[in-house]
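Reading through the structure tokens given below for one structure.
The values are calculated or read from the model by the stated rules, or taken from the named source; none is laboratory data. Please read these numbers as outputs of a predicted model, since none were measured by experiment. Here the Cβ positions follow ideal geometry from the backbone for every residue, glycine too, while neighbour counts run over all protein chains shown. To get the accessible areas, we keep the full protein, side chains included, count just its heavy atoms, and leave off ligands, DNA and RNA. Shrake-Rupley method; radii C 1.70, N 1.55, O 1.52, S 1.80 Å.
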Amino acid sequence: MQPIADLDVLQPVSSAPDVAADGLDAPQTLAATADAPNGRRVFIETYGCQMNVADSELVASILGQEGYGLAASEDDADVVLINTCAIREKAEDRVRGRLAKFRAKKVKERPDLQIGVLGCMAERLRTKLLEQEKLVDVVVGPDAYRDLPRLLAEADETGQAAVNVHLSREETYADLAPVRYDTNGVSAFVSIMRGCDNMCAFCVVPFTRGRERSRPVTSILSEVGQLVDAGYKEVTVLGQNVNSYRVEQDGTAVSFAELLYRISLLSPELRIRYSTSHPKDCSDELLHVHRERPTVCDFIHLPVQHGNTDVLRRMRRTYTREQYLDLIDRARSIVPDLSLSTDIIAGFCGETDAEHADTLSLMEAVGYDHAFMFAYSERPHTFAARKFEDDVPEAVKKQRLSEIIALQNATSKARHEARIGRREVVLVEGPSKRSDAQLAGRTDANHMVVFDRPEGVGKGDYVAVEIIGCTSATLFGDFLGRTTLAEASALVA
Ligand code: SAH
Ligand code: SF4
Ligand code: F3S
């Protein structure tokens, strides 16, 4: 997924309003509701990627329809749900730690507290969680959230754990209106597909989230239309591999490029981003939508994973280093001023020093604005776990990862420095982290900009700024004036 959210989020994205999510750019909070019609309150703690954040919004909606209220913290909750991530071992360890804590609370203080595991660890760990560790009351996989109210009631009645980890070929939750995490009403996630069919050798996602399926166009357009009506200014459309989106509508196939185009017709003031795109499916048609539609941001998260063709083959990524670099050239020729981010894995099975050096040289060749960088973590059942040895020593993985991170920090800084003196349009998200006297928001290229708060300007406004300074993480701007997206091209020209 794309870097609006850090995929290596090991801090929970909490439903507590005051807990900022580490590694996520916007505070991800599900505000507590005033009432709980059925007398029960639920606290949802979310780990992992944006798909999980969007899923927690669905879960809140499903439980809300049954009269559950949302709790401000685990202390006010009758039900605690952990929406889990299985992408790396560390992510799972963290969830186990939280579960043990909730379990201790249940045993010592709150025997009536219900504890549930949702999301990507559910299928894999159900037996262990239920039988050996006896930690939880409900275990619910990503395609079974509609069943959650029934499972909670069943667990309550029987005193036994209730489980549904069935993975569906059809479920897209198309008809549900999610309860939004982003309570500031500026930016929202919209799921357009679920699952993944790609089977990259290192990745557990196809096992945890099942087969790829796309949500009908009409339900996506109607959800985005409602967001526009509610005053939202930015959507990020989500899927594991959005550019393989495809549905049949009235006898014609609708591609991702077509979908994006249709979304962009809904409002001239709605910025559109997406996450994540696999390089193999990044079509010229899609690049032309970036070029032609001013509200489709000139920014793509295009995970490369590695810079060496042999490693890419072992990873089953289906492209070579040269094909990837050609794609970047093509993308930059069609979309001038395109910004790019990526995901990179250090220390995959059999990686040599020379192969690692190819990752560094590819990063230099591309010049990413941002990257999410990980040490390889073997995941059960994956192709790599079955066929290859996880033979790069931890210390070597760490060393290589630190070289990758150091290079990316230097590149991010240089990319930021190149913006100094330019005019940018910023969508204001709210006060900066440091001071209420400053506002923060993102440029079209997804760079965070901080500037002194002018009178009468606030979240949800588009403003023009001149970039006057930077660090590797943030740009600093001088406020020039309020604007609209439609006017912006004239202001920043
Ligand atoms: N569907 C997205 C990726 C989702 S997982 C895509 O294909 O772009 C997010 C990132 O986690 C991946 O891009 C990869 O860089 C990283 N990742 C996945 N499995 C991993 C593993 N076993 N060890 C380390 N990093 C991993
Ligand atoms: Fe995992 Fe690959 Fe699918 Fe992304 S495209 S979710 S990395 S299998
Ligand atoms: Fe996302 Fe983690 Fe699942 S990255 S898809 S929550 S395994």
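Here are a few things to note about the model shown:
- Sorting Thr318, Thr443 on solvent-accessible area from highest to lowest, probe radius 1.4 Å, gives Thr318, Thr443.
- Applying a 4.7 Å Cβ-Cβ cutoff to the chain leaves Cys49, Cys85, Cys120, Cys196, Cys282, Cys297, Cys349, Cys470 as cysteine residues with no disulfide-compatible partner.
- When both bridge partners sit in the chain, DSSP labels roughly 45% of those beta bridges antiparallel.
- Centroid-to-centroid separation of segment 212-230 and segment 315-370 [C-alpha atoms, Å]: 32
- Cα-derived Rg over Rh, computed across segment 31-164 with Rh taken as Kirkwood radius: 0.92
- Between segment 107-124 and segment 399-422, the C-alpha centres lie 41 angstrom from each other.
- For Gly469, residues with placed amide H under 5 Å, excluding near neighbours: Phe476
- For Lys433, the lysines whose Cα falls under 26 Å of its own Cα, not counting residues fewer than eight places away in the same chain, are Lys233, Lys413, Lys459.
- In terms of accessible area, using a 1.4 Å probe and ignoring ligands and nucleic acids, Lys433, Lys106, Lys128 rank largest first as Lys433, Lys128, Lys106.
- Sorting the Cα pairs of segment 423-491 by distance into bins of 5 Å, from 0 upward, gives 4, 20, 35, 27, 11, 3, 0 percent per bin.
- Within segment 88-224, DSSP assigns beta bridges of which about 25% are antiparallel (rounded to the nearest 5).
- For segment 187-417, taking the reciprocal of the average inverse distance between every pair of different Cα atoms yields a Kirkwood hydrodynamic radius of 18.7 Å.
- Farthest positive-ward along segment 46-195 dipole, Cα basis, beta-carbon charges - from Val79, Val136, Ala91: Ala91
- At a probe radius of 1.4 angstrom, the accessible area of the chain per residue rounds to 39 square angstrom.
- For segment 79-92, Karplus couplings with θ = phi - 60° (6.51, -1.76, 1.60), whole Hz, Gly/Pro x: 10, 10, 10, 10, 8, 9, 10, 10, 5, 9, 4, 4, 4, 5
- The lysines within cross-link reach of Lys90, meaning a Cα-to-Cα straight distance under 26 Å and a gap of 8 or more places when in the same chain, are Lys101, Lys105, Lys106, Lys128, Lys134, Lys387, Lys397, Lys398.
- Helical content alone sets the calculated 222 nm signal of the chain at -10000 deg cm²/dmol, taking -39,500 (n - 2.57) per DSSP H segment of four or more residues and averaging over every residue.
- The solvent-accessible area of His416, taken with every protein chain present and a 1.4 Å probe, is close to 10 Å².
- A P(r) calculated from all alpha carbon pairs of segment 341-493, with 10 Å bins opening at zero, reads 11, 31, 23, 17, 14, 4, 0 percent.
- Shape class for segment 154-220, computed from the alpha carbon gyration tensor (a ≥ b ≥ c): oblate, with a/c not under 1.5 and a/b at or below b/c.
- Computed over the chain: relative contact order in percent, which uses C-alpha pairs under 8 Å that are six or more apart: 10
- Candidate aspartates and glutamates - alpha carbon under 18 Å from Lys108, same-chain residues fewer than 8 apart omitted: Glu74, Asp75, Asp76, Asp78, Glu133, Asp137
- Cα pair distances of the chain binned at 20 Å [whole percent]: 23, 57, 20, 0
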